[in-house]
Amino acid sequence: MSARFSYTPVAHVVQGEGGNNNRGIIVVRHNVTGKLYIEKRVGRSTIARGEIHREIRIMRQCRNHPHMVNIIDYYLDIRRFDYGSVFMQQGELGSVDALIGRYRSRRQYLVDEGFAWKVLYDEAMGIAYLWTGQDDAAVREHAALGEVVPRKSGWSPVIHRDLKPSNVFMAWRDKPAYPVNPHPVMLIGDFRSAVTDEDILDDAVPPMDHRFASPEFPEYKRPNPAELPKYVWRGWQMWIQDREKDVEKLPEWALGG
């Protein structure tokens, strides 16, 4: 049975519709396990141009990292349907952008700076992994020692090129580890604009205006992706030393509850 027939649609995700690279974002349920995933539907032209193949290749390269949205399966045969499907992990708590919107609508502010540091730290870990290929433990060790993360031999560096709150998703790793860390894990997603060094060298992506280069792009000013974790780690440690209370968890409404 193909991947497409292993899932049952549950709901549309309105925020994900109408993008240049998709025909809709659907919450789906696996027919055997009952677990919820995300289905991203892509049109014929996206498949024909090879854009979705590059996105899938990069997601497979980054599979199973704790700060990446994990690809589960895909189905690009469009002989029966006029779209292809990519199935991936669901960030069940939504995006950071959605969380910001909830605070804005209630005219509320974060009472605990620790959440902002958690977002920055998780993103720094993920960005460093994309650039160096070093796993979570190695990046964390180099950050704690104040070192630049070295690139893993044979790794093809990935440049996301579209990092923003709407592309950073939140999920509980297993259960909230109260009171040690009451905050969810951050997952970097939406790799439709991502490229590797090889893609750039092979002219497999359209040229970009470097005035609008994303912060992790190689020609951007410092810090580069390999340096970022040590600076975020240093800021986090300074905040820990200055705080006078334990980290506070976010209210349920902030996480969509």
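Asp77 passes every criterion in (1) closer than 28 Å to Asp199 by Cβ; (2) assigned by TED's automatic domain parsing to the domain that holds Pro223 apart from (2). Put simply, of Glu198, Glu219 the only residue that is charged (D, E, K, R), surrounded by fewer than 18 Cβ atoms within 10 Å (Cβ to Cβ) and modelled with pLDDT of 60 or more is Glu198.
If you take the residues of the stretch 157-193 that are farther than 22 Å from Gly101 by Cβ and in contact with a strand residue (DSSP E or B) (Cβ under 6 Å, 6 or more places away or on another chain), which of them is modelled with the highest pLDDT? Checked the stretch 157-193; the qualifying residue modelled with the highest pLDDT is Val158. Being modelled with pLDDT under 85 and surrounded by 14 or more Cβ atoms within 10 Å (Cβ to Cβ) holds for only one residue in Gly24, Gly19, Gly43, and it is Gly19. For beta carbons closer than 7 Å, sequence separation of 6+ or different chains, a first residue in the stretch 54-66 that is free of Cβ contacts under 8 Å to residues at least 60 places away in the same chain and a second that is β-branched (Val, Ile, Thr), the qualifying pairs are Ile56/Ile71; Ile56/Val86; Arg60/Ile71; Arg63/Ile71.
The values are calculated or read from the model by the stated rules, or taken from the named source; none is laboratory data. Computed from a predicted structure; not experimentally measured. Here Cβ is always computed from backbone atoms with ideal geometry, including for glycine, and neighbour counts include all displayed protein chains.
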